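Here the structure is laid out as structure tokens; the discussion comes afterwards.
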Amino acid sequence: MSELNWFMWGLDLFSGLFLIVIGLAVLAVIYMYIADKMQTKQAVRHNYPVIGRFRYLFEKQGEFFRQYFFAQDREELPFNRAERSWVYRAAKNVDRTIAFGSTRPLDTAGTVMFMNTAFPTQDEEITPIHPLTIGTNCRQPYTTQAICHISAMSFGALSRPAITALSHGAAQAGCWLNTGEGGLSPYHLKGGCDIVFQIGTAKYGVRNEHGHLDDEKLKSIAIHPEVKMFEIKMSQGAKPGKGGILPGIKVTAEIAHIRGIPQGYDSISPNGHIEFKSVNDILDMVERVREVTGKPTGIKAVLGDVQWLEDLCDEIERRGEDSAPDFFTLDSADGGTGAAPQPLMDYVGLPLKESLPILINILIQRGLRKRIKVIASGKLIVPSRVAWALALGADFIASARGNMFALGCIQALQCNRDTCPTGITTHNPKLQQGLDPRDKSARVANYNHNLHHDLALIAHSCGVTEPRQLKPSHVRIVLDSGLSISLDKYYAHMDK
């Protein structure tokens, strides 16, 4: 066959295939037109068949286009590109410097700035971070040198490889890993890191058949040397006033076994502990857990109404200082890694910028500041936010989403759908294959090491030798006028 014949044959074949494709496309358009006109659930599709479908396509893709093409470095929520970029670079342990000036506006109300001194701390003056002990009166108190730790994320909310990577990464970084309310899994233990076991309102892992605390199961958790503390969760930043939500699609057989619930059904925790009717009940449970386990025991809450906190201090004063929780994890209303109703996530609870000074001030006034260690949590993923929390009086910080970014999270906002594209919050084996625990554990460790390192940079520029020496006077906040005032004057009621 000549070259011309080959060409003509190929042209005929291409023309035939083209006509088939055109025909199929026309049939598809006709099918969509009929389907759109016959359905009544979506008015746009019914009134504008075929073309109306683009409205839903663009809506679905809007998050993607805003994140990658249209949003400026400082515009996105809950975390902007500049914040995520710092975490990614810290996790990869690559250059974290920038050039040609900051993109951060310095005249917007609420902007925080640290006050450098004419006499910054010299290398020979730097002192190591002083270790702090939690629960000095417990049979097994806990001492750690780290300031920054990994906040509560359960096995269930997060995948097996994600929890495994966090466990190994925490061990390498020397920080603790909070289990979240889903119980203690083998993957929390894999890395040999320090663990804070969280007792949620459903008491997964330590509950009896009636949903009450089981002392024998508590002992079985406490027997693990890795478990250093117990945290009784009253509320969390994503959904103050409502218990945990794990969609049924994420309740696998293994997760159901660990939690003691049916497989495939939504895991909905109660709004509060069924035992809690007053502050007396809170202190009773703290004392019970501490006595059974011998380990430091504290509470976690988002502040809203603060009268219960005053009542709690009254009851501690009546019982004696030893009855107090060993620590208070204060979550911010803008925290939250898990599924939550939007009205609660958007409108309920106080953010950390208000609640942290309130808590610190009450503890100081009631003489409990040294007795109760304060752990701040809620969007504290970059050094400046950590330094701000320490300046206001926090002893430690705990971050969930910062460590998720270190694992490779791209803020796809699909944590509750079991479709996480990075394998972090999904139990789909195919999606999990992209998350290598060995690689990601190193990134978690790098992130926490560099978070401490750059935190120290801020502290030393302010003239103190270690970050916990930062005070409100080292920080200024911009007012509506565009001018700033130091935090010790801004929070005039606060006296450190």
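Things worth noting here:
- Test: residue in the range 396-417 that is surrounded by fewer than 24 Cβ atoms within 10 Å (Cβ to Cβ), closer than 26 Å to Thr465 by Cα and out of contact with any Asp or Glu (no Cβ under 9 Å at 6 or more places or on another chain): no
- Selection from the range 246-260 of residues that are closer than 30 Å to Glu287 by Cβ, surrounded by fewer than 24 Cβ atoms within 10 Å (Cβ to Cβ) and among the aliphatic types (A, V, I, L, M): Ile258
- Being within 14 Å of the chain's Cα centre (by Cα) and modelled with pLDDT of 95 or more is true of Thr329.
- Only one of the numbered conditions (1) buried (at least 24 other Cβ atoms within 10 Å of the Cβ); (2) not in a strand (DSSP E or B) is violated by Arg288, and that is (1).
- Of the strands (runs of 3 or more DSSP E) contained entirely in the range 135-228, those carrying at least 3 residues that are out of contact with any helix residue (DSSP H, G or I) (no Cβ under 9 Å at 6 or more places or on another chain) and touching a residue at least 12 places away in the same chain (Cβ under 8 Å) fall at 142-144.
- Of all residues assigned to the range 296-311, at least one qualifies as being buried (at least 21 other Cβ atoms within 10 Å of the Cβ), among the hydroxyl-bearing types (Ser, Thr, Tyr) and under 17 Å from Thr329 (Cβ atoms).
- For first residues located in the range 381-396 and without any contact (Cβ under 8 Å) to a residue 60 or more places away in the chain, partners that are of a type in the set (D, E, K, R) and lie 6+ apart or on another chain with Cβ distances below 8 Å form the pairs Arg385/Lys379.
- Selection from the range 356-388 of residues that are more than 22 Å from the chain's Cα centre (by Cα), of a type outside the set (A, V, I, L, M, F, W, C) and over 20 Å from Gln469 (Cβ atoms): Gln365, Arg366, Gly367, Arg371
- Being within 22 Å of Lys300 (Cβ to Cβ), surrounded by fewer than 24 Cβ atoms within 10 Å (Cβ to Cβ) and either within 18 Å of the chain's Cα centre (by Cα) or not assigned by TED's automatic domain parsing to the domain that holds Arg468 (or both) holds for only one residue in Gly243, Gly237, and it is Gly243.
- For the range 111-134, a residue qualifies if it is aromatic (Phe, Trp, Tyr) and either in a strand (DSSP E or B) or under 30 Å from the mean Cα position of the chain (by Cα) (or both), and exactly one does: Phe114.
- All positions within the range 299-353 that are among the small types (Gly, Ala, Ser) and under 14 Å from Gly243 (Cα atoms): Ala301, Gly336, Gly338, Ala339, Ala340
- For the range 312-323, filtered to residues that are exposed (fewer than 15 other Cβ atoms within 10 Å of the Cβ) and among the charged types (D, E, K, R), the residue that is nearest to Glu181 (Cα to Cα) is Asp322.
- Here is the figure for the range 418-441: residues that are surrounded by fewer than 24 Cβ atoms within 10 Å (Cβ to Cβ) and of a type in the set (Val, Ile, Thr) total 3.
- Among residues of the range 351-362, those that are hydrophobic (A, V, I, L, M, F, W, C) and surrounded by fewer than 21 Cβ atoms within 10 Å (Cβ to Cβ), counted: 2
- Any hit, the range 205-214, residues being more than 20 Å from the chain's Cα centre (by Cα) and buried (at least 21 other Cβ atoms within 10 Å of the Cβ): yes
- Matching residues, the range 389-410, being over 12 Å from the mean Cα position of the chain (by Cα) and of a type in the set (S, T, N, Q): none
- Residue in the range 314-327 that is in the same structural domain as Ala389 (by TED's automatic domain parsing) and under 30 Å from Arg160 (Cβ atoms) present: yes
The values are calculated or read from the model by the stated rules, or taken from the named source; none is laboratory data. Note that this is a predicted model, so its numbers are computed, not measured. Cβ coordinates were reconstructed from backbone atoms using ideal geometry, including for glycine residues, and neighbour counts include every protein chain displayed.
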